[in-house]
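**Q** The structure's right below; bear with me while I get my questions together.
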Amino acid sequence: MKKIMMKGTEAIGEAAIMAGCRNFFGYPITPQNELTEYMARRLPEVGGCFLQAESEVAAVNMIYGAASVGKRAMTSTSSPGFSLMQEGISYIACAQLPAVFVNIVRGGPGLGDIQPSQGDYFQATKGGGHGDYRLIVLAPSTVQEAVTLTELAFELADKYRNPALVLADGLLGQMMEPVEIEEKQVSYDNSSWALTGAKDRPPRKVTSFNIDPYELEKMNLKLQEKYRKMEQEEPRWEEFQTEDADVLLVAYGTVGRICKSVVRMAREAGLKVGLFRPITLYPYPYKPLEELAKHVSLILTVEMSSGQMLEDVKLAALRLTRIEFYGRMAGVVPTPGEIFDHLMHLIGRR
Amino acid sequence: MEYKVAYRMPESLSKKQFSYCPGCHHGIVHRLIAEVIDELGIREKTIIVAPVGCSVFAYEFFELDGTVAAHGRALAVATGMKRARPDLVVFTYQGDGDLAAIGTAETIHAANRGERVTTIFINNAIYGMTGGQMAPTTLLGMKTTTSPHGRSPEREGYPIHVCEVLKELRGVAYLARTKVNTPKDVINTKKHIKKAFLAQLKDIGFGLVEVLSTCPTNWGMDPLKAGRWIDEYMVKEYPLGVFVDKVGEEK
Amino acid sequence: MTLSFVLAGFGGQGVMLMGQILAQAGMQEGKNVTWFPSYGPEMRGGTANCTVIISDEPVASPIVDTPDVVVAMNIPSLLKFEPKLKKDGFLFLNSSVIDRKPSRNNIRIIEVPANEIADKIGNLKVANMVMLGAIIAATKCVRKESVASALEYKLGEKGSSLLKLNIEAIEAGIRHVGG
């Protein structure tokens with residue numbers, strides 16, 4: 001297969017099409033407009049439907065509609081728009097519909113700015129909408145990985161009948177890298193639940209609603225069972241030079257790859273530094289991180305936020321080792337040099 | 001002796017008992033929709049999108065595939081369904097709070113895009129499910145739990161006229177306002193509902209029928225008085241009629 | 001071997017395209033590449049810049065503290081990025097626009113009157129390609145043939161009539177630095 005240079009946003013769009021997605025509903029917001037524009041151009045070519053919704057609120061409910069009649073559907077947005085979608089995501093999760101979301105995170109809170117950020121980690125992994133539900137959250141660090149994880153998002157969404165989110169940031173969305181995109185349509189059977197018309201069978205209802213608390217609790221228990229299964233089977237992560245590491249950097253997405261450069265700088269300086277990069281943010285790879293934590297003297301978590309993933313790092317490694325944090329907020333991207341300097345300061349080398 | 005069927009339950013209604021209050025018009029309108037679906041022979045490909053409000057259970061009362069949308073988003077959900085599966089027939093059933101307050105944007109834009117879906121809009125000038133609060137269509141002077149001194153234009157603004165707003169939108173193919181408080185109106189309303197479905201089936205555009213309805217419980221009236229109140233007050237604020245008809249006469 | 005570039009100039013000077021062609025050419029030579037643009041309000045009339053990395057190994061950080069090469073197409077770009085340039089790094093100046101000298105003396109300075117050269121070829125718009133020619137000749141980061149084929153790819157069928165002019169500009173840039 002031939003490699004082509006693509007922007008992260010556009011590569012995600014093409015990957016979605018290659019995964020069999022034919023329905024996209026979205027609303028313009030920077031820095032993800034290239035994805036919406038790509039789908040507007042590409043979907044009609046493959047017989048799909050692109051529709052610019054009147055708002056993110058409408059877009060997420062259009063996704064609900066398309067998914068409920070059994071079609072793969074996705075939307076893409078950036079932070080403030082993703083906030084607007086939370087109610088709909090809660091409905092989709094409870095109605096057990098497969099759907100794929102892309103959040104190209106920008107600086108917040110509020111209107112914030114349009115520069116890269118990881119400030120939506122809590123919203124993505126801990127809820128955001130109301131009720132006891134979970135979103136599958138995948139965090140790519142390269143354009144090629146954005147392709148792989150977009151395809152995986154559709155696969156997992158179908159497998160678990162659950163919304164899945166590709167959580168990236170403005171940097172990954174805007175940058176270009178060589179990619180290969182292969183067709184990866186995983187067929188799935190929705191014949192037992194999709195709304196296709198009550199022909200030769202009793203009517204079917206897709207809802208997130210049950211007025212009887214005992215019945216609704218049963219629905220909740222089913223969801224929880226599903227989440228436990230995900231937690232067993234789906235955590236994904238990357239380890240880089242961790243075999244002999246005494247210091248472990250923990251970072252995801254764009255910051256994950258920036259920290260790879262930090263590892264290289266540290267190794268050149270003769271320091272045994274490695275990187276743990278979670279790929280699934282939910283389910284979070286607690287166990288492998290816990291294992292690594294037992295063998296290092298310091299964990300440095302690095303994020304483009306005030307320390308949101310840090311809480312998950314602590315869940316995995318608290319009391320096993322020293323845990324420190326370095327973060328930039330509001331759209332400021334930490335450079336390898338400043339992270340390295342902070343690391344040196346922590347281990348008393350400066 | 002041979003028997004002739006004079007009356008039967010529509011196939012498109014489920015056997016579930018309606019949960020609506022005595023004198024409420026939801027039941028009548030449900031039945032009319034079911035009769036229309038039967039007559040058009042589209043039951044096996046029709047999907048209902050129920051709203052949040054008193055008719056939140058509407059999807060249970062029809063022998064159709066269906067869902068409940070988030071409050072106000074029925075037309076966004078219907079849009080997603082119809083765009084993904086244009087071969088299905090999709091209709092929403094919405095109240096005044098759902099369609100004309102929280103869902104105003106979805107209503108206007110679905111209508112403006114000419115989505116090939118049908119909407120049955122129940123206007124009873126009040127929030128029923130939540131216990132009688134002010135609706136966007138509450139009449140001037142009308143007392144509700146959140147307009148206890150009566151709705152005043154200075155404080156709460158004027159009642160919103162959905163059909164009059166939507167009629168300017170070019171995507172609308174059929175638009176009418178009716179009522180069901182007399183047998184004649186019931187028969188008439190069925191014709192309007194059928195045309196709103198035909199607007200979709202004939203691929204012309206968006207169809208909506210607004211039905212002025214009672215809420216005896218929250219209006220604090222008995223069913224008969226509530227029925228009369230429609231003529232005395234509702235019709236004066238909301239004139240009946242056909243606002244848009246691109247469907248034409250049925251053959 | 002890893003080379004990092006920051007290319008900067010006014011919006012409309014074609015710095016984004018210059019960077020993309022550089023990255024595309026690197027990819028065609030089988031190298032690992034990234035291209036990352038500044039985006040947002042800067043795009044609208046102010047200075048725009050992009051970071052390009054060409055490497056034999058997979059690119060880790062797509063942003064750099066100290067680039068190996070800085071290309072300044074205007075004065076604000078010179079002021080912003082000269083201090084960040086690595087020691088002994090290359091500083092390319094569009095001397096048609098920049099009428100001042102850099103302040104550092106521990107860097108390699110290459111002045112290219114890109115606008116004048118482009119003007120002589122017959123189109124001011126290819127000043128970026130003149131500069132690109134100078135960059136590849138001085139840094140040897142990618143071959144001229146790769147740039148030519150990257151250019152062909154980027155211009156596509158619609159721009160095929162412009163290909164000759166652009167290649168001419170690249171060659172003029174190469175000649176300017178004695179490549």
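**Q** Would you mind finding the one in B:THR130, B:THR119, B:THR138 that is of a type in the set (S, T, N, Q) and part of a strand (DSSP E or B)?
**A** Details: B:THR130 fails: part of a strand (DSSP E or B); B:THR138 fails: part of a strand (DSSP E or B).
B:THR119 is the lone residue from the list that is of a type in the set (S, T, N, Q) and part of a strand (DSSP E or B).
**Q** Considering the range A:197-211 alone, what residues qualify as being farther than 17 Å from B:ALA50 by Cβ and at the interface with chain B (Cβ under 7 Å from one of its Cβ atoms)?
**A** Residue satisfying the conditions is A:LYS199 alone.
**Q** Select from the range A:70-87 the residues that are part of a strand (DSSP E or B) and either in contact with a His (Cβ under 6 Å, 6 or more places away or on another chain) or closer than 18 Å to A:GLY107 by Cα (or both) and list them in ascending order.
**A** A:SER76, A:THR77
**Q** Could you grab the pairs with beta carbons closer than 7 Å, sequence gap of 6+ or different chains, first residue in the range A:256-274 and under 22 Å from A:ARG236 (Cβ atoms) and without any contact (Cβ under 8 Å) to a residue 60 or more places away in the chain, second one in a helix (DSSP H, G or I) and of a type in the set (A, V, I, L, M)?
**A** Here the result reads A:GLY274/A:VAL263, each pair linking the range A:256-274 to a residue that is in a helix (DSSP H, G or I) and of a type in the set (A, V, I, L, M).
**Q** Would it be correct to say that A:ARG22 is modelled with pLDDT of 95 or more and either more than 11 Å from every other protein chain (Cβ to nearest Cβ) or within 26 Å of C:TRP35 (Cβ to Cβ) (or both)?
**A** Criteria not met by A:ARG22.
**Q** Filter the range B:212-237 for residues that are touching a Phe, Trp or Tyr at 6+ places or on another chain (Cβ under 7 Å) and not in a helix (DSSP H, G or I); which is surrounded by the most Cβ atoms within 10 Å (Cβ to Cβ)?
**A** Restricting to residues being touching a Phe, Trp or Tyr at 6+ places or on another chain (Cβ under 7 Å) and not in a helix (DSSP H, G or I), the top hit is B:LEU212.
**Q** So, one more: When you check B:THR137 against the structure, is it within 28 Å of B:ARG31 (Cα to Cα) and of a type in the set (Val, Ile, Thr), yes or no?
**A** The answer is yes for B:THR137.
**Q** Can I ask one more? Does at least one position in the range A:4-12 carry a residue that is farther than 15 Å from A:PRO163 by Cβ, without any contact (Cβ under 8 Å) to a residue 40 or more places away in the chain and within 11 Å of chain B (Cβ to nearest Cβ)?
**A** No.
**Q** Ok, one more. Given the residues A:ALA67, A:ALA59, which is the only one that is closer than 25 Å to A:LEU171 by Cα, surrounded by 24 or more Cβ atoms within 10 Å (Cβ to Cβ) and touching a strand residue (DSSP E or B) at 6+ places or on another chain (Cβ under 6 Å)?
**A** One residue alone meets the criteria, A:ALA59.
**Q** Related question: Looking only at the range A:15-26, which residues are surrounded by fewer than 23 Cβ atoms within 10 Å (Cβ to Cβ) and over 14 Å from A:CYS49 (Cα atoms)?
**A** A:MET18 - this is the single residue of the range A:15-26 that is surrounded by fewer than 23 Cβ atoms within 10 Å (Cβ to Cβ) and over 14 Å from A:CYS49 (Cα atoms).
**Q** Output yes when any residue across the range B:91-105 is in contact with a helix residue (DSSP H, G or I) (Cβ under 7 Å, 6 or more places away or on another chain), more than 8 Å from chain A (Cβ to nearest Cβ) and surrounded by fewer than 24 Cβ atoms within 10 Å (Cβ to Cβ), and no when none is.
**A** no
**Q** Another one. Could you list, in sequence order, the residues of the range C:18-48 that are farther than 13 Å from A:GLU177 by Cα and either modelled with pLDDT under 95 or facing chain A (nearest Cβ under 7 Å) (or both)?
**A** Selection gives C:SER38, C:TYR39, C:GLY40, C:PRO41, C:GLU42, C:MET43, C:ARG44, C:GLY45, C:GLY46, C:THR47, C:ALA48.
**Q** Here's another thing I want to ask about it. Can you pull out every residue in the range C:1-19 that is surrounded by fewer than 24 Cβ atoms within 10 Å (Cβ to Cβ) and not in a strand (DSSP E or B)?
**A** C:MET1, C:GLY11, C:GLY12, C:GLY14, C:MET16, C:LEU17, C:MET18, listed by residue number.
**Q** Next question, about the same structure. Between a residue in the range A:49-64 that is at the interface with chain B (Cβ under 7 Å from one of its Cβ atoms) and any residue that is β-branched (Val, Ile, Thr) and not in a helix (DSSP H, G or I), which pairs come within a Cβ distance under 6 Å, given they are 6 or more apart or on different chains?
**A** If the second residue must be β-branched (Val, Ile, Thr) and not in a helix (DSSP H, G or I), the pairs left are A:ILE63/A:THR75.
**Q** Run down A:ALA95, A:ALA99, A:ALA146 and say which single residue is more than 16 Å from the chain's Cα centre (by Cα) and within 14 Å of another protein chain (Cβ to nearest Cβ).
**A** It is A:ALA95.
**Q** Mind listing whichever residues of the range A:312-350 are more than 16 Å from A:VAL262 (Cβ to Cβ) and without any contact (Cβ under 8 Å) to a residue 24 or more places away in the chain?
**A** A:LYS314, A:LEU318, A:ARG319, A:GLY348 - these are the residues of the range A:312-350 that are more than 16 Å from A:VAL262 (Cβ to Cβ) and without any contact (Cβ under 8 Å) to a residue 24 or more places away in the chain.
**Q** Can you tell me which of (1) hydroxyl-bearing (Ser, Thr, Tyr); (2) surrounded by fewer than 24 Cβ atoms within 10 Å (Cβ to Cβ); (3) touching a residue at least 40 places away in the same chain (Cβ under 8 Å); (4) closer than 24 Å to C:THR51 by Cβ is the one A:SER83 doesn't meet?
**A** Result: A:SER83 passes all but (4).
**Q** Look at the range A:284-310 and say how many of its residues are without any contact (Cβ under 8 Å) to a residue 24 or more places away in the chain and in a helix (DSSP H, G or I).
**A** Step one: list which residues in the range A:284-310 are without any contact (Cβ under 8 Å) to a residue 24 or more places away in the chain, which gives A:291, A:307, A:310.
Now narrow it down to the ones that are in a helix (DSSP H, G or I): A:291, A:310.
Total meeting the criteria: 2.
**Q** Something else about it: Take A:GLY129 and decide whether it is within 13 Å of another protein chain (Cβ to nearest Cβ), small (Gly, Ala, Ser) and surrounded by fewer than 21 Cβ atoms within 10 Å (Cβ to Cβ).
**A** Here the answer is yes, as A:GLY129 does meet what is asked.
**Q** Return a yes/no flag: does the range B:87-102 have any residue that is in contact with an Asp or Glu (Cβ under 6 Å, 6 or more places away or on another chain) and farther than 29 Å from A:LYS199 by Cβ.
**A** no
**Q** A further question follows. Here is a list: A:VAL262, A:VAL250. Which entry is in contact with a Leu (Cβ under 8 Å, 6 or more places away or on another chain), closer than 16 Å to A:HIS342 by Cα and within 12 Å of chain C (Cβ to nearest Cβ)?
**A** Checking each option against the conditions leaves just A:VAL262.
**Q** To continue, here is another question. Of the residues C:ASP88, C:ASP99, C:ASP119, C:ASP68, which single one is more than 25 Å from A:ASP113 (Cα to Cα) and surrounded by 17 or more Cβ atoms within 10 Å (Cβ to Cβ)? Give the derivation first.
**A** Details: C:ASP88 fails: surrounded by 17 or more Cβ atoms within 10 Å (Cβ to Cβ); C:ASP99 fails: surrounded by 17 or more Cβ atoms within 10 Å (Cβ to Cβ); C:ASP119 fails: surrounded by 17 or more Cβ atoms within 10 Å (Cβ to Cβ).
Just a single option satisfies the conditions, and that option is C:ASP68.
**Q** So the check is Cβ under 8 Å with 6+ separation or different chains; which pairs have a first residue in the range A:172-195 that's more than 14 Å from chain B (Cβ to nearest Cβ) and crowded, with 21+ Cβ neighbours inside 10 Å and a second one that's in a loop (DSSP other than H, G, I, E, B) and of a type in the set (Val, Ile, Thr)?
**A** Sorted first by the residue in the range A:172-195, then by its partner, the pairs are A:LEU172/A:THR142; A:GLU177/A:THR142; A:GLU177/C:VAL59.
**Q** Further question on the same structure: Looking at A:THR36, is it of a type in the set (Ser, Thr, Tyr), part of a loop (DSSP other than H, G, I, E, B) and either farther than 29 Å from A:GLU225 by Cβ or touching a His at 6+ places or on another chain (Cβ under 9 Å) (or both)?
**A** no
**Q** Can you work out which of the residues in the range B:27-62 that are assigned to a loop (DSSP other than H, G, I, E, B) and touching a strand residue (DSSP E or B) at 6+ places or on another chain (Cβ under 6 Å) is farthest from B:ALA110 (Cα to Cα)?
**A** B:ILE42
**Q** Please specify each residue of the range B:45-62 satisfying the condition of being among the hydroxyl-bearing types (Ser, Thr, Tyr), more than 9 Å from chain A (Cβ to nearest Cβ) and more than 12 Å from the chain's Cα centre (by Cα).
**A** none
**Q** For the range B:63-81, enumerate the residues that are within 18 Å of A:ALA53 (Cα to Cα), touching a strand residue (DSSP E or B) at 6+ places or on another chain (Cβ under 6 Å) and within 8 Å of chain A (Cβ to nearest Cβ).
**A** Within the range B:63-81, B:ALA69, B:VAL77, B:ALA78, B:MET81 meet the criteria.
**Q** Criterion first (closer than 24 Å to A:CYS49 by Cβ, more than 14 Å from chain A (Cβ to nearest Cβ) and in contact (Cβ under 8 Å) with a residue 12 or more places away in the chain) does B:THR118 satisfy it? Before the answer, list the steps.
**A** On the way: closer than 24 Å to A:CYS49 by Cβ: yes; more than 14 Å from chain A (Cβ to nearest Cβ): yes; in contact (Cβ under 8 Å) with a residue 12 or more places away in the chain: yes.
The answer is yes for B:THR118.
The values are calculated or read from the model by the stated rules, or taken from the named source; none is laboratory data. Note that the structure is predicted; figures quoted are calculated from it, not measured. All Cβ positions, glycine included, derive from the backbone under ideal geometry; neighbour counts span all protein chains shown.
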